[in-house]
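Inspection log for the structure reproduced underneath, given as structure tokens.
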Amino acid sequence: MQRNSPGKAAAGAPVFLAQGTADTIVRPYITKQFGDALCKQGAKVTFVEMPGVTHTFAAKESVTAALKWMDERFRGAPPPNSCGR
């Protein structure tokens, strides 16, 4: 489990995280802790919180924001940063 846990090494690139507040499989506080650890490592993290969204629907509900975020990175736009908010 420890070797399979993300966040042990620096991300090396901007990170997009989306989390549903109603997720009972990956609890929101776990994703928040992961994002905070990435921030402490100096990563630019975009954190999207989706109120009422469960684990089952997180990908569906975040796809538009994720694709827009990726498109902006490929176009060379600087990544937004949720760190420190």
Subject >> Rounded percent of accessible protein surface that carbon and sulfur make up, the chain, 1.4 Å probe >> reply: 58
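Heavy-atom accessible area per residue, the chain, 1.4 Å probe: how many Å²?
Details: 6060 Å² over 85 residues.
In whole numbers, the chain has 71 Å² accessible per residue.
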Original post:
Which FRET efficiency, nearest 0.05, do Asp36 and Ala13 yield, Cβ-Cβ r, R0 25 Å?
Top reply: 0.90
**OP:** Divide by every residue of the chain the summed helix terms, -39500 (n - 2.57) for each DSSP H run of at least 4, and state the resulting mean residue ellipticity at 222 nm, rounded to the nearest 500 deg cm²/dmol.
**Re:** -11500 deg cm²/dmol
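The values are calculated or read from the model by the stated rules, or taken from the named source; none is laboratory data. Predicted, not measured: the structure shown is a model, and the values here were computed from it. As a convention, Cβ positions derive from the backbone with ideal geometry for all residues, glycine included, and neighbour counts pool all protein chains shown. Remember, those area values only see protein heavy atoms, side chains included, never the ligands or the DNA or RNA. Shrake-Rupley method; radii C 1.70, N 1.55, O 1.52, S 1.80 Å.
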